[in-house]
Amino acid sequence: MEAGERFTWLAELFDGVTRGHVDRLGIRAGWRCWEVGAGGPGIAQALAAAVGPSGHVLATDIDPAWLDPHGGYEVARHDVGGDPPPQPGTFDLVHARLVLVHVADRARALATMVAALRPGGWLLVEDADTELQPLACLDEVGPAQRRANRLRRAVRELLTRRGADLRFGRTLPGALRAAGLVDVGASGCFPVGGVACDRLEAATVRMVRAELLAAGLATDAEIDAHLAAVGAGDLDLTLAPLISAWGRRPG
């Protein structure tokens, strides 16, 4: 349940950002697109609408259960960290958001996405950089905000123990150049406050609650108090910046 809710609120926060970048890269009717680690259906649907019936969108995920098999795009199970590229050398656009940070062999996954591009095709990769802005509340004005930041540090510790690279977002432009792409650019975005940030925070904390308790990183009382403050709308919560980076396969 929490996973589905997280997809919903991440889409609310970032689908507009992603669509803006895709539009600037020149998406048009007839393009072939691969949405990697799609999670929810939002971006796959937007790509399908943009490329029209003459185009094609492939949406893949390790668990494609949240995707709509009748949504106007092709759905397939695929592990970008281990499987070979589908339809190599054929895509005008390959996109992955909040995917690579969770993949053990990030270099291999990036190479798989690059190999799927046709000459002149674009890769757009978006990932968080949690170390760049590690706070839950930028304005630590009271005990509720201090508790929120303490719990955000605890969640970051969990991610580190899982092998996540919390500085990954900032490495994207260099990684795209190292993969042989040209015309590389990047930008960052993070929302501050609002219902979507609140709901995403609550879903995330509920999802990792048992792990936080087992690791001794938080107490039941702390988590309950934090969720109550979030539910009351008392905190102007924010997220780690989403770094969006893009590059084109030469040719």
### Task
Mind listing just one residue for me: the one in segment 161-198 that is part of a helix (DSSP H, G or I) and open to solvent by 40 Å² or more (accessible area, probe 1.4 Å) and, of those, modelled with the lowest pLDDT?
162
### Query
Can you spot a residue in segment 144-159 that is at pLDDT 95 or above, open to solvent by 50 Å² or more (accessible area, probe 1.4 Å) and of a type in the set (A, V, I, L, M)?
no
#### Entry: residue 148 in contact with a Cys (Cβ under 6 Å, 6 or more places away or on another chain) and assigned to a helix (DSSP H, G or I)
yes
### Task
Please tell me if residue 51 is among the β-branched types (Val, Ile, Thr) and over 25 Å from residue 209 (Cα atoms).
yes
### Task
Determine the pairs where a residue that is farther than 23 Å from residue 26 by Cβ and open to solvent by 10 Å² or more (accessible area, probe 1.4 Å), located within segment 83-101, has a partner that is in a loop (DSSP other than H, G, I, E, B) and among the charged types (D, E, K, R) with Cβ atoms under 7 Å apart, the partner being 6 or more residues away or on another chain.
101/165
### Query
Do you know which of the residues in segment 195-229 that are among the β-branched types (Val, Ile, Thr) and in contact (Cβ under 8 Å) with a residue 40 or more places away in the chain is farthest from residue 145 (Cα to Cα)?
208
### Task
Would you check which residues across segment 1-51 are touching a residue at least 24 places away in the same chain (Cβ under 8 Å), aliphatic (A, V, I, L, M) and part of a loop (DSSP other than H, G, I, E, B) and list them?
25, 27, 29, 38
### Query
Which condition number in (1) within 21 Å of residue 110 (Cα to Cα); (2) of a type in the set (Gly, Ala, Ser); (3) within 19 Å of the chain's Cα centre (by Cα); (4) modelled with pLDDT of 95 or more is the one that residue 136 fails?
(1)
### Task
Please tell me if residue 89 is modelled with pLDDT of 95 or more and in contact with an Asp or Glu (Cβ under 6 Å, 6 or more places away or on another chain).
no
### Query
Does residue 65 fit the bill of being under 21 Å from residue 15 (Cα atoms), hydrophobic (A, V, I, L, M, F, W, C) and modelled with pLDDT of 95 or more?
no
### Query
Restricting attention to segment 111-130, does a residue exist that is surrounded by fewer than 19 Cβ atoms within 10 Å (Cβ to Cβ), more than 16 Å from the chain's Cα centre (by Cα), free of Cβ contacts under 8 Å to residues at least 60 places away in the same chain and not in a helix (DSSP H, G or I)?
no
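The values are calculated or read from the model by the stated rules, or taken from the named source; none is laboratory data. The structure presented is a predicted model; accordingly, all values stated were derived computationally and were not measured. All Cβ positions, even for glycine, are placed from backbone atoms using ideal geometry, and neighbour counts span all protein chains on display. Ligands, DNA and RNA are stripped out before the accessible areas are found, and what is left, the full protein with its side chains, is counted by its heavy atoms. Shrake-Rupley method; radii C 1.70, N 1.55, O 1.52, S 1.80 Å.
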